[in-house]
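Undergrad: For reference, the structure I am asking about is given below.
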Number of protein chains: 2
Amino acid sequence: MASSYEHPRAALTVDCVVFGVDDGDLKVLLIQRDLEPFRNRWALPGGFVHVDETLEQAALRELREETGISRVYLEQLYTFGSLARDPRERVITVAYYALVKLTDHAVQAATDAREAAWFAVTDLPKLAFDHDEILATALARLQAKVRYEPVGFELLPQKFTLTQLQRLYEIILEHPLDKRNFRKKVLALDLLLELDEVEQDVAHRAARLYRFDERTYRALVKQGLHFEI
Amino acid sequence: MASSYEHPRAALTVDCVVFGVDDGDLKVLLIQRDLEPFRNRWALPGGFVHVDETLEQAALRELREETGISRVYLEQLYTFGSLARDPRERVITVAYYALVKLTDHAVQAATDAREAAWFAVTDLPKLAFDHDEILATALARLQAKVRYEPVGFELLPQKFTLTQLQRLYEIILEHPLDKRNFRKKVLALDLLLELDEVEQDVAHRAARLYRFDERTYRALVKQGLHFEI
DNA sequence: CCAAAAGTGTTCACGGTACACCCATGC
DNA sequence: GCATGGGTGTACCGTGAACACTTTTGG
């Protein structure tokens, strides 16, 4: 390896695709840029990586600073390095995606005065930089991942009904599922704890609430469980 | 986004995990370092990303320079950014993995005088930096990917026997497969072209040769084919 | 003729899918 | 009592898994 000091360096950023689900829609959290380039355009939350923090720390810090969100499921997505993705100079960005429970994270004003807002993925504005591409990549990853890993629960409240869970899968996968088969399948996994509670304040028969049993899940994974919806 | 000029920058490298399959073993191409740190240790081929090349271009260039390999299947793996992964300074590395046909790529002396050699993944030396971790990540990815995408063919010669293909899967997945079921399944996919040729110079009945029909595969993928072994 | 690997079908168990009605509750 | 969603079971089909013998060829 040659000395790294001899050459100009690319800048390094992180960007986060934050997903949430909200009555019938899969949503993404965007912030409105207040600086050039792409001033006033909507963009993914993100920013420069400090030299003394890990990539994941940088992603979490930017999320906190720009959107007020702090406890989330976060996973690295892909690193984007096209030559002209930032018009100012060479910038490589490591993209992450995050899953949040919208019930816990009402939209907060960003701490640094940029506006933050949730957009349905089916109705997005044109984004800054190559953020359209990053978002599309994240969506594809979420759709693939949700089939074989129980990440969907990160998007629901702790206590949820089976119908809510089914709706979640239908929203993400973009096709309807059969109610009886869905229930049979998820209950057969033995990963849901049936609670002694039902939903409140509904104008019809109240549905039973369930909780995802993460402890059991981790144990079963070690024994070679293959989660699949 | 704040100006990127105000802060010290991390260095950016690419590293490549190059897989090949050779009579019964899954192998990885390593180079021996001739500089500190980790002088004389084996390491993944890789190096600094130039400011005017994409990440993929950098990976391909380093592969060519350090190992002489040029036409390969290449895919981004993961970006590693621990604080102390390089003892000299902060270095982020974007890892790629590559699949090569060993028949086409006999081990070549590296052009810059470092030694390059193939190692069975079951018998690896201790590697420089966090390259053990990168390699383990690549291996897990290959094992997952080979089940649901036809990447295995990148590791075989253009013309191969069904037994060679089965051996390949057994080597990567690390468990034996049933011969009749395996043949039934891969032939049912209709992605193999039966050639009018048989293998040569074997001391027993010669097996028929097949070729992977990439054209048909691409067409079927568009129609929603789900390849799976 | 012997050694070595090629090639080939059937049975069984299980999981996926399709499908419709009664029940509980709030208003 | 009516509207709304909650909750439940069965029959069929296709795929995955287990399993052993005959054929071809070279030496």
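FYI, it's all coordinate maths here, none of it is from the lab. None of the values given here were measured: they were computed from a predicted structure. Quick reminder, even Gly has a Cβ in these numbers, built from the backbone with ideal geometry, and neighbours come from all protein chains shown.
Undergrad: Students often get this wrong: which residues of the range B:20-37 have the backbone nitrogen under 14 Å from the point 7 angstrom along Cα-to-C-beta of B:D123?
TA: B:22-28
Undergrad: Which aspartates and glutamates, on any chain, are close to B:K179 with Cα under 12 Å apart, when same-chain ones fewer than 8 places away are left out?
TA: B:E170
Undergrad: Mean separation of Cα pairs under 8 Å and 6+ residues apart, divided by the residue count of chain A: what relative contact order is that in percent?
TA: 20 percent
Undergrad: Provide the gained length on full extension for the span A:D178 to A:S70, in nm with one decimal, where the gain is 0.36 nm per separating residue minus the Cα-Cα distance.
TA: Between A:D178 and A:S70, full extension yields 35.3 nm more.
Undergrad: Just grab the label-to-label distance for B:Q200 and A:E228, each label 7 Å out from Cα along the Cβ direction, in nm (one decimal).
TA: Between B:Q200 and A:E228, the simple spin-label model gives 4.2 nm.
Undergrad: For chain B, modelled as a GNM with alpha-carbon contacts under 10 angstrom, which of B:Y169, B:Y78, B:Y148 fluctuates the most?
TA: For chain B, modelled as a Gaussian network with Cα springs under 10 Å, the answer is B:Y148.
Undergrad: Among B:Y210, B:Y73, B:Y96, which comes first, second and so on when ranked by fewest other beta-carbon atoms within 10 Å?
TA: B:Y73, B:Y210, B:Y96
Undergrad: Picking from B:A120, B:A203, B:A136, which is most flexible by a Gaussian network model of chain B using Cα springs under 10 Å?
TA: The residue that fluctuates most here is B:A203.
Undergrad: For B:28-40, what's the mean count of beta carbons from other chains sitting within 10 Å of each residue's beta carbon?
TA: Counting Cβ atoms of other protein chains within 10 Å of each residue's Cβ and averaging gives 1.
Undergrad: So, in Å, what gap is there between the alpha-carbon centers of the range A:43-110 and the range A:116-135?
TA: Between the Cα centre of the range A:43-110 and that of the range A:116-135, the gap is 14 Å.
Undergrad: Follow-up. Just going by the charge dipole of the protein assembly as shown, with Lys and Arg at +1 and Asp and Glu at -1 on Cβ, which of B:P37, B:L102, B:P125 is farthest out on the positive end?
TA: After comparing all options, I get B:L102.
Undergrad: To the nearest whole number, what is the average tally of beta carbon atoms from other chains within 10 Å of the beta carbons of peptide A:55-68?
TA: Per residue, the average neighbour count from other chains is 1.
Undergrad: Every other copy gets compared here: list the nm distances from the A:P125 label point (7 Å along Cα to Cβ) to its counterparts, shortest first, one decimal.
TA: So the label point of A:P125 gives 5.6 nm to the other copies.
Undergrad: So what is the calculated 222 nm ellipticity per residue for chain B, using -39500 (n - 2.57) for each DSSP H run with n of 4 or more, over all residues, to the nearest 500 deg cm²/dmol?
TA: Helix contribution divided over all residues of chain B: -8500 deg cm²/dmol.
Undergrad: Dipole magnitude of the range B:154-229 about its Cα centre, charges +1 at Lys/Arg Cβ and -1 at Asp/Glu Cβ only, in debye to the nearest 20?
TA: In debye, rounded to 20, the range B:154-229 gives about 240.
Undergrad: To continue, here is another question. Pull up the cross-link candidates among the aspartates and glutamates for B:K27, meaning alpha carbon to alpha carbon under 13 Å and not fewer than 8 places away within one chain.
TA: B:D123
Undergrad: Using a Förster distance of 41 Å, how high is the FRET efficiency between B:L35 and A:E36, based on the Cβ-Cβ distance and rounded to 0.05?
TA: For R0 = 41 Å, the calculated efficiency reads 0.45.
Undergrad: Sorted from shortest, what are the nm distances separating the label point of B:G68 from equivalent points in the other copies, each placed 7 Å from Cα along Cα to C-beta?
TA: Output for B:G68: 6.2 nm, nearest copy listed first.
Undergrad: Among the GluC sites (Glu not before Pro) in the range A:41-96, which ones are in a DSSP loop with at most 13 other Cβ atoms within 10 Å of the Cβ? Mind listing them?
TA: A:E89
Undergrad: Taking loop as defined by DSSP and a crowding limit of 12 other beta carbons within 10 Å, which trypsin sites (Lys or Arg not before Pro) in the range B:55-150 fit?
TA: Here the sparse-neighbourhood loop sites are B:R71, B:R88, B:K126.
Undergrad: Let me ask you something else. GNM on chain A, C-alpha springs below 10 Å: top fluctuator among A:D104, A:D123, A:D86?
TA: Comparing A:D104, A:D123, A:D86 in a Gaussian network model of chain A, the most mobile one is A:D123.
Undergrad: I've got another one for you. When DSSP assigns beta bridges and you keep just the ones with both residues in the protein assembly as shown, what percent turn out antiparallel, to the nearest 5?
TA: Among the beta bridges of the protein assembly as shown, antiparallel pairing accounts for roughly 75 percent.
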